[in-house]
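Below: the structure, in structure tokens.
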Amino acid sequence: MSKKIFGVLALLLVASLLLVVCGPSANTNQSASDSLASDNAGDDADEDPGNDIEETDDSDDTSPPDIESPRHGSWADTVILIEEPSAEAAVSRLADGSIDLYSASISDLSVLQAVEVDPNLTYSQSVGSHNELLFNPSGPVFNNGGFNPFASPGMREAMNMLVNRDYILQKFLGGLGYTKYLPITSVFPDYARIADVANLIEAQYTYAPEKAKAQMTEVLFEMGAEKNEGIWYYKGEQIKLTMVIRTEDERRGYGDYIADLLNDFGFYVDRQYKNSAIASRIISQSDPADGLWHMYTGGWTATAINRDAASNFEFFYTPLGLPGYPPWDSMTPSEEFQELATALSNNQFTSMEERSAMLAEAAPLAMQDSVRIWLYDSTSFTPRRADVEVTADLAGAVAGTTLWTYTLKRAGEEGGTFTVGMPSMLQNPWNSIAGSIWIYDKSIISGISDWAVIPDPYTGLELPQRLASAEVTIKTGLPVGVTYDWVSLDFADSIEVPAEAWVDWDAVSQTFITVGEKFPEGLTAKSKVVCNYEDTLYEDSIWHDGSNFSIADVVMYMIMHFDFAKEDSAIYDQVQVASTESWMESDFRGWNIASVEPLVVEYYSDSFALDAENNVTNAKCGWPEYDQGQSAWHSLSLGIMAEAAEQLAFTPAKSQRLDVEWTNYVGGPSLKILAIYLDKGISNSYIPYEPTLGMFVTTEEAAARYANLERFYTDYGHFWVGNGPMFMEAVDRIESTVILQNFADFPDLSSKWSGYSVPKLAEVQIDGPRILAAGDPGVFDVFVTFDGADYPLSEIENVKYLLFDATGAMVELGSAEAVSDGHYQIVLSGNQTVLVSGASRLEVIVVPIVVSIPTLEAFEFVVE
């Protein structure tokens, strides 16, 4: 039987369950460098291609070796990003060489087939895309007098049963994916942790149109609606639903399908077909209470493998998910659901069993709320020219990984120009606090950013970038494991927060409040993270305007965590209050800068991640990576001054409330306003929050920074200053074009992340007897390889097997024994073989450490 990477969902869930049994991660103490993948290997096509993507063969024995080069920054000299909404057109442009990469997650089988038949093209695969139907929860009566039945959770809940997810998956995606009900990707471990509950939910909310219509009818009558001759009315007017339907992909098809269902039920559905640019303005920039939309065909792409999906309930269903964004600000989860979602987001549990119980409790509450109903997880692909190499995250694809500009190159070459197509870009304003959340905007932003840590694109575990090392201490008994040796993991019965740590902010005096001042009796935490930065951080790390990174950038980041939510602040924003208070109550216990040079930052928390590596985040290390991008302190200060003067606003909600521009650092009217405040900064060497920040930056340094920013703005026409391997030379919002250039002053060699060109997906072959006598033992050899070489034992977490009898029932689950690198054995005793008779089957599941996707293989034999 052929090998499967994205195979039968049930087996993936079993593999995930095996991961759960083993705990959050293996304590292998493997070095981070050992996780680097080299070349890709091909896989056979699945026997049921409707559910799978065949793995492409990117390996080539004749391909040139990796380049040894003194080059810094990106491999590419220039990247030209253009908008191409159509996947079909993009593949044609790839074929004729007018673009080199189409950075999108595509789930169209016909497009996949077009790529597969062209020898000049190849693709990467991912499992992190998922689509939804988002509801407007405002009302039930909008400001414009329109009626909104989806203000009722009962109405939204019923929609789960009105929609046939299997039909959508087969009709519009050709079977490339899995039906989805919960905000947890179905092939990742957290789904397996609540597999029993998930199965019950899927049975309860499966396609049942008559059941759905009965519930919808009951809800509508309760809301005061009436039905006459098959048509629904509210106060004498036919109920009209406005559905915003995206046109670039399969969403147009399933949008029409859902609209037809609602029309048949007796509503009038106004289908608003919109591309991403127009849709974004309706969904992200309008007040939901104004009634410009009832439903939206939304889509999401994970930017990394999500090893801990517990926070998804808070993010997708509560106002704390994205404060300041209109759809989230309108969400009204039940008090029980809100509290549970927040507790899960902050990992407020003491064992994996308690966590699983909380997930199982949250799942049905999410279905009852259903402010969005999930439709499918797609198995997607990202096409490119065959000679182009680039990292693709197994969840987030190319668009989602932080490493795409770090690794984009032509095989065996350095330099050159690349043209990259994206379905959309520049749809919303860019600002680091609350700018665009669109994946393709975020992809560009990531491509010109640097990081304290970067998620491994194949495991989701954080790896050090500007850090030298990290130390994690966890309260004794909490379920945390460690995989890589760049971070140490220890446990302590009590973790005391030092009195000098910063725990709050006084917006009047513009100074931090210490633990000693706020908690004179002392304060404890459940976790402590020590981030040890590289000794040469300040010397080597340079912002794109020529300013050296400094401790002031870190302190500014810490200040901004508080200031927006303080009523005495000049930039107070009420939509930030709830999320800040929740963070301070449930998570944050203090920051302490233990050393300025070299920089050592300590973070104390009552929250923790299941992996030691993922306790070390950019946020906890104080790295100036804000919610929607990075900012140097001096570039961010322009927006702060403009907001204090009520001429701009970082969040879309506040911009609506003040009737001012949503702050945009890359275009539009914002630029002239920001330029005015650049002049003000230059005139007085402005240091924001000077009582605190002034301790870390001099007026001379401030003057130099503003002078650098002025030159940057003059040269490039925008204020987006990153510090990654490429910088943004030009941006044209009208033409939807962005040009990136290599940043030669980037501290790292271009080759640093080259090992991540392809994931090290295991290849499995099973050999053994085809016929056994009942009661006789049987030995089966399992060979695990990658690119023709034996897979090292040190890189395999476990190899499990499942034994099935002739009826398909599983009669045994066990572990294979390691023999040597790439070789395992399964020894079935006579007692085991008597349990099966007739046509029997072994299913082998190989779970590598260096990738988070298991490989599955089956071997059939007969017991007589």
Problem set entry | Residue list for segment 335-366, filter: touching an Asp or Glu at 6+ places or on another chain (Cβ under 7 Å) and open to solvent by 30 Å² or more (accessible area, probe 1.4 Å) | Ser345
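Residue-by-condition table, conditions (1) farther than 19 Å from Thr419 by Cβ; (2) open to solvent by 30 Å² or more (accessible area, probe 1.4 Å):
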{"residue": "Trp720", "(1), (2)": "yes, no"}
{"residue": "Pro725", "(1), (2)": "no, no"}
{"residue": "Glu729", "(1), (2)": "no, yes"}
{"residue": "Arg733", "(1), (2)": "no, yes"}
{"residue": "Gln741", "(1), (2)": "no, yes"}
{"residue": "Tyr756", "(1), (2)": "yes, no"}
{"residue": "Leu761", "(1), (2)": "yes, no"}
{"residue": "Pro769", "(1), (2)": "yes, yes"}
{"residue": "Leu772", "(1), (2)": "yes, no"}
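Matching residues to (1) hydroxyl-bearing (Ser, Thr, Tyr); (2) touching a Phe, Trp or Tyr at 6+ places or on another chain (Cβ under 8 Å):
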{"residue": "Lys800", "(1), (2)": "no, no"}
{"residue": "Glu817", "(1), (2)": "no, yes"}
{"residue": "Gln825", "(1), (2)": "no, yes"}
{"residue": "Ser837", "(1), (2)": "yes, no"}
{"residue": "Val844", "(1), (2)": "no, yes"}
{"residue": "Leu856", "(1), (2)": "no, no"}
{"residue": "Phe859", "(1), (2)": "no, yes"}
{"residue": "Glu864", "(1), (2)": "no, no"}
Problem set entry | Criterion (more than 32 Å from the chain's Cα centre (by Cα) and of a type in the set (Ser, Thr, Tyr)) met by exactly one of Thr217, Thr242 | Thr217
For this session: State which residue is surrounded by the most Cβ atoms within 10 Å (Cβ to Cβ) when the search covers only segment 393-412 and only residues that are assigned to a helix (DSSP H, G or I) and among the small types (Gly, Ala, Ser).
Result: Ala397
Exercise. If only one of Val738, Val721 is in contact (Cβ under 8 Å) with a residue 40 or more places away in the chain and under 24 Å from Tyr538 (Cβ atoms), which one is it?
Worked result: Val721
Exercise. Which residue pairs have Cβ atoms closer than 8 Å, lie 6 or more positions apart in sequence or on different chains, and pair a first residue in segment 341-366 that is under 15 Å from Ile201 (Cβ atoms) with a second residue that is of a type in the set (Ser, Thr, Tyr)?
Worked result: Leu365/Ser334; Ala366/Tyr317
Exercise. What single numbered condition from (1) open to solvent by less than 20 Å² (accessible area, probe 1.4 Å); (2) outside any helix (DSSP H, G or I); (3) free of Cβ contacts under 8 Å to residues at least 24 places away in the same chain fails to hold for Phe608?
Worked result: (3)
Exercise. Restricting attention to segment 743-754, which residues are open to solvent by less than 50 Å² (accessible area, probe 1.4 Å), touching a strand residue (DSSP E or B) at 6+ places or on another chain (Cβ under 9 Å) and not aromatic (Phe, Trp, Tyr)?
Worked result: Pro747, Asp748, Ser750, Ser754
For this session: Scan segment 250-274 and report the pairs whose first residue is without any contact (Cβ under 8 Å) to a residue 40 or more places away in the chain and closer than 18 Å to Tyr233 by Cα and whose second residue is among the hydrophobic types (A, V, I, L, M, F, W, C) and part of a helix (DSSP H, G or I), with Cβ atoms within less than 6 Å and a gap of 6+ or a chain change.
Result: Val269/Ala259; Val269/Leu262
Problem set entry | Matching residues in segment 809-825 - criterion: being within 30 Å of Val758 (Cα to Cα) and surrounded by fewer than 23 Cβ atoms within 10 Å (Cβ to Cβ) | Ser815, Glu817, Ala818, Val819, Ser820, Asp821, Gly822, His823, Gln825
Seminar exercise, completed: Filtering segment 413-435 for residues that are open to solvent by 10 Å² or more (accessible area, probe 1.4 Å) and of a type in the set (Phe, Trp, Tyr) leaves a count of 0
For this session: List the strands (runs of 3 or more DSSP E) that sit entirely inside segment 703-794 and contain at least 3 residues that are within 30 Å of Ala411 (Cα to Cα) and under 29 Å from the mean Cα position of the chain (by Cα).
Result: 726-732, 737-742
Exercise. When only residues in segment 377-392 that are out of contact with any helix residue (DSSP H, G or I) (no Cβ under 9 Å at 6 or more places or on another chain) and assigned to a loop (DSSP other than H, G, I, E, B) count, which is surrounded by the most Cβ atoms within 10 Å (Cβ to Cβ)?
Worked result: Ala386
Seminar exercise, completed: By my count, helices (runs of 4 or more DSSP H) wholly in segment 105-194 with at least 2 residues that are open to solvent by less than 10 Å² (accessible area, probe 1.4 Å) and touching a strand residue (DSSP E or B) at 6+ places or on another chain (Cβ under 7 Å) are 109-116, 153-162, 165-173
Exercise. Mind checking which residues of segment 837-864 are crowded, with 24+ Cβ neighbours inside 10 Å and free of Cβ contacts under 8 Å to residues at least 60 places away in the same chain?
Worked result: none
Exercise. Quick one: what pairs do we get from segment 123-147, first residue at positive phi, second not in a strand (DSSP E or B), C-beta under 7 Å, 6+ apart or different chains?
Worked result: Gly139/Asn148; Gly139/Ala151
Problem set entry | Filtered residue count, segment 309-330, keeping only those that are surrounded by fewer than 21 Cβ atoms within 10 Å (Cβ to Cβ) and of a type in the set (Ser, Thr, Tyr) | 3
Problem set entry | Failed item, numbered, when Ala806 is tested on (1) farther than 28 Å from Leu394 by Cβ; (2) of a type in the set (A, V, I, L, M, F, W, C); (3) modelled with pLDDT of 85 or more | (3)
Exercise. Has segment 639-650 got at least one residue that is open to solvent by 30 Å² or more (accessible area, probe 1.4 Å), part of a loop (DSSP other than H, G, I, E, B) and under 26 Å from Glu471 (Cα atoms)?
Worked result: no
Seminar exercise, completed: Of the residues in segment 576-603, those that are in contact (Cβ under 8 Å) with a residue 12 or more places away in the chain, part of a strand (DSSP E or B) and either open to solvent by 30 Å² or more (accessible area, probe 1.4 Å) or in contact with an Asp or Glu (Cβ under 6 Å, 6 or more places away or on another chain) (or both) come to Arg589, Asn592, Ile593, Ala594
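The values are calculated or read from the model by the stated rules, or taken from the named source; none is laboratory data. Just so we're clear, the structure is a prediction, and the values are computed from it rather than from any experiment. All Cβ positions, glycine included, derive from the backbone under ideal geometry; neighbour counts span all protein chains shown. For accessibility, only protein heavy atoms count, side chains too; no ligands or nucleic acids. Shrake-Rupley method; radii C 1.70, N 1.55, O 1.52, S 1.80 Å.
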